[in-house]
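Asker: Right, I'll just put the structure down here and ask away after.
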């Protein structure tokens, strides 16, 4: 019988603990099983799709951190003024926008109407992908000196990365603002101002530095948001990344692939939180000592 | 002893009565109330307000927004405006249902875990961690795909994904309130666990959980419409906002098909977030925007 042969092939006729043991054994050997959808090993699939999402996520988080922190500092400095109130609305607006909707609207405006930026995919159809080094097209092309390809890849990257950043900008504005407000009334800030230090230097060197640890904490959360957003945004931008892979494997109940994606996300989440802990020590030497 | 009369400067807006002054001091709360109220009104009276039947097809397809069709018509000649109005009847009650269920389940479980501690606590919090370990949208996608893509299953999937955050918050609050002397004395007096939880602990938990629930309403609308956008929630003929945006991605050049349903999601979520944020100001000064404390 075909069903029995199938069950035997995948070890489904064995007791659950044995199945789980086999799964773990294969896992530590780097074998995540075979995707029932692409019929290739899940680890190879992940290797193919992860770089596309990584490129998107890194740029998106960098943009969100820069813009969010800037807005947060401005809101804190202009506390209870009109600017602050407007930034509160901007921050709440950022976390209220449906990602898939801004993706659609921005594609319509910047690609279809204005034609400032390319539409879907990682490269124009006529451009050949750069030789594989890291899987990040912009970086690979730059390494190989193919500047035209790098520029094309970057143009393709801008719109989805900005769309993904919107939610995190709202989040980071809020966190930065409250972190800055907590330190801005400290005596050492007043001392820095009293000795005639220019305000921008006071903010960057004294206030922002002290506020940084609480902002860095949110980066892990920001990453989780980017993963959620990637599932929706990659769908619209035809971005061949882990979000699309997760979507296709979830809707077809491709269990080895689902497990693979979840494991990958969990590992990245742990690594990011570990890096955040290390960063604490770098930013705030007191933590390193204790 | 009498208090000496201090001349109080009355501002012009204060003379206009309590309502005007509240509006002046909490513009976000009022804006949130007005927008959310308008959408609830629309949800209730959609059949009276909608100029067309949201499911009625016609030969006039892809009509741009005009006086006959405020938001234009879609690929089947259906009136987008009427579909957006009817969409409120799905998204808003479902979001309320979702948050209520998650709050009841998570709150009860968290309260029990926090109150009794020990093995119960360990079991409950480890199951919560298990759910947290998965990316919410992937877990929700798997659950809906396994159970079949219907609105009911999408809500169910999102309840499974969202109860742990309530369990965590309530457990933490119960733990800290449980240490208070008046709770300890109630227990020493031999009051039952249920009575202590409901009479002495619940009122202290209420405020922070209300803030969480209001902010979560917005998230619920976003996640539900996100699942429908992916084709895992409401199915085609139903006028659902997320599904409407998905339709818009297929007929890209007709911008009105996707833009207006998305705008509906945005305004509803924004209203709930305005309300939640204002509630946080009022009930939880520690983390409010106006006090600028620790945002957690």
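The values are calculated or read from the model by the stated rules, or taken from the named source; none is laboratory data. What you see is a predicted model, and the numbers here were worked out from it, not measured in a lab. Cβ sites come from the backbone with ideal geometry, for glycine too, and all protein chains shown count toward neighbours.
Asker: Under the condition of being outside any helix (DSSP H, G or I) and farther than 22 Å from residue A:98 by Cα, which residue from the range B:113-156 is nearest to the other protein chains (Cβ to nearest Cβ)?
Answerer: B:148
Asker: Here's another thing I want to ask about it. Anything in the range B:197-209 that is in contact with a helix residue (DSSP H, G or I) (Cβ under 7 Å, 6 or more places away or on another chain) and free of Cβ contacts under 8 Å to residues at least 24 places away in the same chain? List them, or say none. Can you show your working first?
Answerer: Residues of the range B:197-209 in contact with a helix residue (DSSP H, G or I) (Cβ under 7 Å, 6 or more places away or on another chain): B:197, B:200-201, B:204-205, B:207-209.
The answer is B:200, and nothing else.
Asker: Another question, then. Among the numbered criteria (1) crowded, with 21+ Cβ neighbours inside 10 Å; (2) under 23 Å from residue B:56 (Cα atoms); (3) within 7 Å of chain A (Cβ to nearest Cβ), which single criterion is violated by residue B:240?
Answerer: (3)
Asker: Return the residue satisfying two criteria in turn: it lies in the range A:100-117 and is outside any helix (DSSP H, G or I) and free of Cβ contacts under 8 Å to residues at least 24 places away in the same chain, and of such residues it is farthest from the other protein chains (Cβ to nearest Cβ). Give the derivation first.
Answerer: Going through the range A:100-117, the residues outside any helix (DSSP H, G or I) turn out to be A:114-117.
Now narrow it down to the ones that are free of Cβ contacts under 8 Å to residues at least 24 places away in the same chain: A:114-116.
Numbers: A:114: 13, A:115: 13, A:116: 16 Å.
Once the filter is applied, the top-ranked residue is A:116.
Asker: Only one of these is at pLDDT below 90 and within 14 Å of another protein chain (Cβ to nearest Cβ): A:176, A:138, A:120. Name it.
Answerer: A:120
Asker: Tell me, please, whether a residue that is closer than 24 Å to residue A:243 by Cβ and part of a loop (DSSP other than H, G, I, E, B) can be found in the range A:135-157.
Answerer: Yes; the residues of the range A:135-157 include at least one that is closer than 24 Å to residue A:243 by Cβ and part of a loop (DSSP other than H, G, I, E, B).
Asker: Which of (1) more than 29 Å from residue A:159 (Cα to Cα); (2) more than 10 Å from chain B (Cβ to nearest Cβ); (3) within 24 Å of the chain's Cα centre (by Cα) is the odd one out, the single condition residue A:193 does not satisfy?
Answerer: For residue A:193, the exception is condition (3).
Asker: Considering only residues that are out of contact with any strand residue (DSSP E or B) (no Cβ under 7 Å at 6 or more places or on another chain) and part of a loop (DSSP other than H, G, I, E, B), which ones fall in the range B:42-53?
Answerer: Hits for the range B:42-53 are B:50, B:53.
Asker: Please go through the range A:119-151 and give me each residue that is buried (at least 19 other Cβ atoms within 10 Å of the Cβ), free of Cβ contacts under 8 Å to residues at least 60 places away in the same chain and either closer than 19 Å to residue A:53 by Cβ or out of contact with any helix residue (DSSP H, G or I) (no Cβ under 9 Å at 6 or more places or on another chain) (or both), ordered by number.
Answerer: A:130, A:140, A:141, A:150
Asker: Suppose we filter B:282, B:186 for residues that are more than 7 Å from every other protein chain (Cβ to nearest Cβ), at pLDDT below 80 and surrounded by fewer than 21 Cβ atoms within 10 Å (Cβ to Cβ); which single one remains?
Answerer: B:282
Asker: Among B:130, B:147, B:156, which is surrounded by fewer than 19 Cβ atoms within 10 Å (Cβ to Cβ), in contact with a helix residue (DSSP H, G or I) (Cβ under 9 Å, 6 or more places away or on another chain) and under 16 Å from residue B:101 (Cα atoms)? Explain how you work it out, then say what you get.
Answerer: Working: B:130 fails: under 16 Å from residue B:101 (Cα atoms); B:147 fails: under 16 Å from residue B:101 (Cα atoms).
Checking each option against the conditions leaves just B:156.
Asker: Looking at residue A:214 and the list (1) at the interface with chain B (Cβ under 10 Å from one of its Cβ atoms); (2) closer than 30 Å to residue B:248 by Cα; (3) surrounded by 17 or more Cβ atoms within 10 Å (Cβ to Cβ), which single condition is not satisfied?
Answerer: (2)
Asker: Report whether or not residue A:205 is away from every other protein chain (no Cβ under 14 Å), more than 25 Å from residue A:67 (Cα to Cα) and not in a loop (DSSP other than H, G, I, E, B). Show your work before the answer.
Answerer: On the way: away from every other protein chain (no Cβ under 14 Å): yes; more than 25 Å from residue A:67 (Cα to Cα): no; not in a loop (DSSP other than H, G, I, E, B): yes.
It is false that residue A:205 is away from every other protein chain (no Cβ under 14 Å), more than 25 Å from residue A:67 (Cα to Cα) and not in a loop (DSSP other than H, G, I, E, B).
Let's see how each residue does on (1) within 12 Å of another protein chain (Cβ to nearest Cβ); (2) modelled with pLDDT of 95 or more; (3) surrounded by 14 or more Cβ atoms within 10 Å (Cβ to Cβ); (4) more than 18 Å from residue B:219 (Cα to Cα):
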site	(1), (2), (3), (4)
A:66	no, no, no, yes
A:69	no, no, yes, yes
A:72	yes, no, yes, yes
A:76	yes, no, yes, yes
A:79	yes, no, yes, yes
A:85	yes, no, yes, yes
A:92	yes, no, yes, no
A:95	yes, no, yes, no
A:98	yes, no, yes, no
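Asker: Being buried (at least 17 other Cβ atoms within 10 Å of the Cβ) and either without any contact (Cβ under 8 Å) to a residue 60 or more places away in the chain or outside any loop (DSSP other than H, G, I, E, B) (or both) is the filter here; which residues of the range A:21-37 pass it?
Answerer: Within the range A:21-37, A:34 is the sole residue that qualifies.
Asker: Test residue A:250 against the criterion of being over 17 Å from the mean Cα position of the chain (by Cα), at the interface with another protein chain (Cβ under 9 Å from one of its Cβ atoms) and either crowded, with 22+ Cβ neighbours inside 10 Å or at pLDDT below 85 (or both), and give yes or no.
Answerer: Spelling it out, residue A:250 is indeed over 17 Å from the mean Cα position of the chain (by Cα), at the interface with another protein chain (Cβ under 9 Å from one of its Cβ atoms) and either crowded, with 22+ Cβ neighbours inside 10 Å or at pLDDT below 85 (or both).
Asker: With the checklist (1) in contact (Cβ under 8 Å) with a residue 40 or more places away in the chain; (2) surrounded by fewer than 19 Cβ atoms within 10 Å (Cβ to Cβ); (3) more than 11 Å from chain B (Cβ to nearest Cβ) in hand, flag the one item residue A:263 doesn't pass.
Answerer: All conditions are met except number (3).
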